[in-house]
Each structure stands twice: as structure tokens, then as C-alpha cells.
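Below: one structure, written as C-alpha cells.
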Amino acid sequence: MTQPNSTPPAGHFKRNPPIAGEADALERAKNGDPDAFSKLYALHKRRVYTLCLRMLGNVSEAEDMTQEAFLHLYRKLGSFRGESAFSTWLHRLTVNLVLMHLRKKGLQLVSLEETINPSEEDAPKRDFGSRDPRLSGSVDRVTLERAVATLPPGYRLVFVLHDVEGYEHNEIAAMLECSTGNSKSQLHKARLKLREILRENEQAAALQGESK
Amino acid sequence: MAQSEEKRWTCEEFTKSLPDLFERADGGKLSADPSFAEILRDCPQAAELVRDLEYIAETARMLLEPEGEAPSADLWSKIERELGSNPDGGSAQ
């Protein structure tokens, strides 16, 4: 379950180029060198932690799952064959662990497709009728990160997996045990919701500017 | 996208089909597909929506490399302790 088992699309290699010193640390860590494993931790801790944090939306749980991911990595390192970038493989392992954790918390008995669907009130409004101001085109990463953190969990999961991590809908569908159509729909709703949040932020900032 | 070249979209149809259309678009860039030029020209709301959603997807890519976020400094010590007490890498969870 937690073993990454499929070769990722070529895009993952482009988005996860080799890190200096990684190959050497990897080989030494496979041979049981504890310093080399420490080096792998240093190289990847931020991305693994950030991935956990984005998926879980909770600092404490994200720390626990980061720990879990590296313990799992230690155990599974020997099975890494280099068919994908190491970081891609490590991220897939982390995603699987986080999803397993979420299911253990109560999502395992019901299809995630149903469980992660937010309520109607959370759903983004349809874009018909009056024309709203469009996004300014100057959204920075901090603003987007904050907006992503406020997404309902189901939207956030699919958005992070697809738009940030670069997984395809068929991979996400397999991971979340939902249909490809559901993954596409959740992603679209996530982007619509983000648009709504970001536009509200921009309008609030504009109003604040006017009142000064 | 030969099929969509022949199709005459209404704004509503086009907007409803966006999840699928984005998935099929090359690089997720629907606005670059000439077969949608007409509907995007005729339906300004849809054009703005597409532009914003493409922008959000593009901006999301820069989140891959984390800035600032890091686990607490003592997490490595916890991992080392766990590995020390269970060299097979098993966890307490």
C-alpha cells in the first residue's frame, strides 16, 4: 500500500531534477551509513513536511507523518531502483502514508469520493450573471499558500496532488479510490474556490487602500 | 482537438465542460487552443474564468519548492531515537 509502485510520467522527472549529493547519499544510505541517511533527511525534509502539511492542514499531524515517512523510507530504501527520480518516489511514498492515515481517521469505510465532498455552502458559486473583477495576475506564493490552506479538505487534496505535485487524474483517482471524473471535478471546484478566495482578498486589499 | 473544432459552444455548455476541457488541453492551457478562440471571444465571462483558472494552475507550480516551511528542529532526533530503538525502521504508530 505504501510502496510506490508505478513509474511516474516524464513530467515528474522534469519537476524533480536530481539534487546535488543525493545520489551518493542514497547509495551510502542503502549500505547502512547513518550519516548518509541523515543527509537524505536534510535534503528532503522540507518538501516532505510541506507536502504533509498541505495535505493534512495541521502542523502536529504533518510532523508525525514526516517522521513516519522517513522511518518508512529507512525500511524501504533498498527497494528504490531508480526508475523515477528519488524525490518523486519519496513523495509517492509520503502521499500513500498520508492517505492511509486519513483513512485510519475514519475515511476508510466510506468512499473518499463521497466523504471528501464538501457541503453545498462550501462549493464555489457558478460563474454566470454579473461580471466579477478578474484576478490581477500578481498573486504571490504566500497569498496562494494561505488560500490553499483554507480550501475544504477534499478540494485541497486534489489541488495539491494535481496542480502542485503534478500527478495525473488517473493516478489521483487510484490513490483516492475515486473516479477520474471525480478527480477532475474536485480539481475544477478547488480552482474555482481559490479564484473566489483570491478575488475576495484582492477586493479587501483594494478597499483597505481606498480607506487610507 | 478535431471534435471541438466542429462543435459550436454556448457559454453555459463551455463552462460546464471546463473540467474535461482543461484535462485534454495541451499543458492545461485551454486559451492557447485555436478551436476555443471563438467561444472565448464571444463569451467574455468564460474567457476571464479560463484566464484566472489557468493563472491559478500556473502559480500553483511554484509551490512545489517549499520556502520557509520546515519541520521542528528536534524531529530528526525523534527519528534517530525511533531508529535506535527499532533498527528495522518500524514506527510507534
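When each of the peptides A:153-164, B:12-23, A:56-67, A:190-201 is scored by the mean number of other C-beta atoms lying within 10 Å of its residues, the order from highest to lowest reads A:153-164, A:190-201, A:56-67, B:12-23. The mean number of Cβ atoms from other chains found within 10 Å of a Cβ in peptide A:60-67 is 4, as a whole number. Note on A:187-197: average number of Cβ atoms from other chains within 10 Å of each residue's Cβ is 4.
Hey, fewest Cβ within 10 Å first, where do B:W76, B:W9 land in order?
On the way: B:W76 16, B:W9 20.
Placing the least packed residue first, the sequence is B:W76, B:W9.
Net charge in the neighbourhood of A:G82 (other residues with Cβ under 13 Å of its Cβ; Lys, Arg +1, Asp, Glu -1) is -1. When the listed pairs A:K45/A:K184; A:K184/B:K29; A:K184/B:K16; A:K105/A:K193 are checked against a 23 Å cut-off, the alpha-carbon distance exceeds it for A:K45/A:K184; A:K105/A:K193.
None of the figures in this text is laboratory data; all of them are computed from the coordinates on show. Everything numeric in this text was worked out from a predicted model, so none of it was measured. All Cβ positions, even for glycine, are placed from backbone atoms using ideal geometry, and neighbour counts span all protein chains on display.
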